Number of protein chains: 2
Amino acid sequence: MSAKGEQTRNHILEEAYKLFAQKGFKQVTMKDICESTKLSRGGLYRHYAGTDEILSEILSRDYVIADQIEQGFSARKILEELLGALKEEMLDSEKSLSLAIYEYASLGNEDFFIHVNEQAKKRWNSLIRYGIETGEFKKVDCEQITDVILYSYQGIRMWSRVIPLEKDTVDHIVNMIRELLL
Amino acid sequence: MSAKGEQTRNHILEEAYKLFAQKGFKQVTMKDICESTKLSRGGLYRHYAGTDEILSEILSRDYVIADQIEQGFSARKILEELLGALKEEMLDSEKSLSLAIYEYASLGNEDFFIHVNEQAKKRWNSLIRYGIETGEFKKVDCEQITDVILYSYQGIRMWSRVIPLEKDTVDHIVNMIRELLL
């Protein structure tokens with residue numbers, strides 16, 4: 001894709017993200033996305049066939065760490081970057097996609113979420129194993145800690161839409177992950 | 001209240017719980033609850049003025065541990081009972097109220113949820129402090145562990161409605177709590 005095309009797609013994903021966070025999945029239409037992105041109908045459909053395609057692309061975007069492991073970066077450094085990204089996401093409660101996830105899942109997209117969940121698990125597992133190998137992390141139970149990380153993250157994403165989130169709470173989760181691993 | 005009244009209320013709460021878990025908050029009507037409970041309109045309204053009153057009573061019901069602490073039960077024993085209850089709830093994904101919580105919160109009931117959340121925090125904090133006092137628990141950071149427990153629990157409640165939950169996952173969370181404390 002051209003650089004311009006790439007830029008348009010990113011713009012669409014960003015604007016759609018805000019709409020999904022605000023209204024869930026079902027109530028967002030392609031028309032809404034046209035309006036927020038200031039694209040014509042044709043301009044939007046050139047890139048995406050529907051809101052489901054857009055949401056699934058948003059949810060599939062991943063913080064990629066495989067390259068960093070391959071290049072032999074310090075596990076500790078990769079961890080700190082991941083935690084930084086997690087923390088930023090958790091604090092930005094306006095951008096929680098929990099409701100959209102719920103609604104999209106209820107429309108029969110279970111397999112998609114099984115895949116998303118597996119990818120997230122794989123990412124954390126590979127980092128934790130790598131950190132144990134390099135001797136930077138404690139010899140922990142990989143699968144167990146991965147579940148604690150992913151589910152406490154999801155719990156915060158959900159509840160931050162129900163009650164105002166205290167900054168302490170996010171620090172508690174991030175510090176716990178750090179203490180468990182380092 | 002008479003024993004009979006108490007029994008009827010419990011029956012209403014049980015049936016309404018199933019409906020809220022299945023359909024969220026907004027789509028459940030008093031008429032639905034009449035049908036599930038086989039109560040007349042008058043019979044139901046004698047106990048509750050509306051679905052909001054019923055949901056808020058369900059969400060306020062709490063596993064009470066203050067008495068057990070007062071009576072000097074072993075902290076370890078109380079913990080195991082609490083973990084048993086948590087585990088049972090997490091495995092019963094059909095009974096997750098996450099969607100109902102979302103919807104009820106979005107109708108402007110933030111204060112109610114702040115209260116529910118505070119009660120849950122208080123409960124875990126008091127148990128952890130008690131366990132540290134009796135020397136049964138490690139000298140952990142109370143608030144931090146409480147947040148990890150509550151949010152990983154909520155994360156599971158939410159995602160168990162999105163993808164099928166593996167039994168391992170629940171064990172991972174419960175074992176982690178146990179390892180952090182004991």
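The values are calculated or read from the model by the stated rules, or taken from the named source; none is laboratory data. All figures in this text were calculated on a predicted structure; none of them were measured in a lab. Cβ coordinates were reconstructed from backbone atoms using ideal geometry, including for glycine residues, and neighbour counts include every protein chain displayed.
Annotations
- Enumeration of residues in region A:60-99 that are more than 14 Å from chain B (Cβ to nearest Cβ), within 14 Å of the chain's Cα centre (by Cα) and small (G, A, S): A:S60, A:G84, A:A85
- Which listed residue is β-branched (V, I, T), closer than 15 Å to A:L165 by Cα and out of contact with any strand residue (DSSP E or B) (no Cβ under 7 Å at 6 or more places or on another chain), from B:I149, B:I132, B:I114, B:I128: B:I114
- Identity of the residue in region B:151-182, among the hydrophobic types (A, V, I, L, M, F, W, C) and either at the interface with chain A (Cβ under 7 Å from one of its Cβ atoms) or surrounded by fewer than 16 Cβ atoms within 10 Å (Cβ to Cβ) (or both), that ends up nearest to B:E70 (Cα to Cα): B:L182
- Some residue of region A:100-117 being under 28 Å from B:K121 (Cα atoms), more than 10 Å from every other protein chain (Cβ to nearest Cβ) and buried (at least 19 other Cβ atoms within 10 Å of the Cβ): yes
- Residue match in region A:32-52 (condition: surrounded by fewer than 16 Cβ atoms within 10 Å (Cβ to Cβ) and within 18 Å of the chain's Cα centre (by Cα)): yes
- When region B:121-150 is limited to residues that are among the hydrophobic types (A, V, I, L, M, F, W, C) and over 17 Å from the mean Cα position of the chain (by Cα), the one that is nearest to the other protein chains (Cβ to nearest Cβ) turns out to be B:I145.
- Cβ separations smaller than 7 Å between residues 6+ apart or across chains give the following pairs from region B:127-141 residues that are modelled with pLDDT of 95 or more to residues that are small (G, A, S) and surrounded by 14 or more Cβ atoms within 10 Å (Cβ to Cβ): B:L127/B:A75; B:Y130/B:A75; B:G131/B:A75; B:T134/B:A75; B:E136/B:A75; B:F137/B:A75; B:F137/B:G131.
- Screening B:G43 on (1) in contact (Cβ under 8 Å) with a residue 12 or more places away in the chain; (2) of a type outside the set (S, T, N, Q); (3) outside the structural domain of B:I101 (by TED's automatic domain parsing); (4) under 28 Å from B:K122 (Cα atoms) shows it passes everything except condition (4).
- Contact map, region A:78-99: residues that are farther than 22 Å from A:V28 by Cα paired with residues that are exposed (fewer than 14 other Cβ atoms within 10 Å of the Cβ) and at pLDDT 90 or above, Cβ distance under 7 Å, separation 6+ or inter-chain. Pairs shown: A:L83/A:R178.
- Failed criterion for A:K122 (all others in (1) more than 24 Å from B:V140 (Cα to Cα); (2) basic (K, R); (3) at pLDDT 95 or above hold): (3)
- Considering each residue of region A:28-43 in turn, none proves to be under 19 Å from B:M158 (Cβ atoms) and of a type in the set (A, V, I, L, M, F, W, C).
- Qualifying residue in region A:92-114 (condition: outside the structural domain of A:F25 (by TED's automatic domain parsing), under 22 Å from B:L97 (Cα atoms), β-branched (V, I, T) and modelled with pLDDT of 95 or more): no
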